[in-house]
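Participant: Pasting a structure below so you can have a look.
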Amino acid sequence: MNQRSTVLGIPRRVSRQGLWYYDLSPFRHMLDVGAGSGGFSIGVVGSHPEMRVTAADLAQVIPVTRRFLEEAALADRVATLAVDVVTSAPAGIYDAAVMRNLIQVLSLEQAQAAVRNVAKSLAPGGALFVVGGMIDDTRQTPADKVGQNLVMLNIYDEGLNYSESEYCALLVDAGFEAIDVRKGAMPGASALICARKPG
């Protein structure tokens, strides 16, 4: 497998597999927070041609996102937005947002700010999908996610695979409700969390 297929393949599989769990047909505009290569966005618009997606990431990442979107001939279907969600709410109003493997590279304080800012950009009744590694509340299992935390300590200044209660606390703090946690539901045994903004 070449580097390009790896960069795009995993997010596309995540977007396709996630669609099995939730009906995305009511959503018309999704925000892909921390979009990176845009693989998740590409997967979503490929499966849901009626949906618009905005791929958001740091200003230094967005040129890479655009390049992959252009190569996929989807630059007209997926908009891009440069924003640091730790410090600012994304411009616009969306009825769904996804944060895939983003919270895990932030401290809990940074993650709290990011989730609050994403919530500000969601319409009332909008859904937030969080995808990423999750450990149990004992912090001792599953072994592979605990092991990933040891690796992450050497890669990131902050961030870990957080526990279910930590994820839920972040969402509740930002005003979300109807939190649905599906452990190990995604590729790589990542968790999938869906929460709703009241309205």
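The values are calculated or read from the model by the stated rules, or taken from the named source; none is laboratory data. Remember, it's a predicted structure, so these values are computed and weren't measured experimentally. Cβ coordinates were reconstructed from backbone atoms using ideal geometry, including for glycine residues, and neighbour counts include every protein chain displayed.
Participant: Give me the residue from the range 43-91 that is of a type in the set (Gly, Ala, Ser), at pLDDT below 95 and on the phi < 0 side of the Ramachandran plot and, out of that set, nearest to the chain's Cα centre (by Cα).
Facilitator: Result: Gly43.
Participant: Another one. Can you report the number of residues in the range 70-116 which are of a type in the set (Lys, Arg), surrounded by fewer than 19 Cβ atoms within 10 Å (Cβ to Cβ) and either free of Cβ contacts under 8 Å to residues at least 40 places away in the same chain or outside any helix (DSSP H, G or I) (or both)?
Facilitator: Here the count works out to 1.
Participant: For residues in the range 26-41 being in a helix (DSSP H, G or I) and touching a helix residue (DSSP H, G or I) at 6+ places or on another chain (Cβ under 6 Å), which is surrounded by the most Cβ atoms within 10 Å (Cβ to Cβ)?
Facilitator: Phe40
Participant: Can you tell me which of Leu128, Leu160, Leu122 is surrounded by 15 or more Cβ atoms within 10 Å (Cβ to Cβ), at pLDDT below 95 and aliphatic (A, V, I, L, M)?
Facilitator: Just a single option satisfies the conditions, and that option is Leu160.
Participant: Looking at the range 171-199, which of its residues are surrounded by fewer than 21 Cβ atoms within 10 Å (Cβ to Cβ) and assigned to a helix (DSSP H, G or I)?
Facilitator: Val172, Asp173, Pro187, Gly188, Ala189
Participant: Taking only the range 22-46 into account, find how many residues are without any contact (Cβ under 8 Å) to a residue 60 or more places away in the chain and more than 25 Å from Ile103 (Cα to Cα).
Facilitator: 2
Participant: Of the conditions (1) among the charged types (D, E, K, R); (2) under 24 Å from Arg52 (Cα atoms); (3) under 15 Å from the mean Cα position of the chain (by Cα), Lys120 fails just one. Which one is it?
Facilitator: Failed condition: (3).
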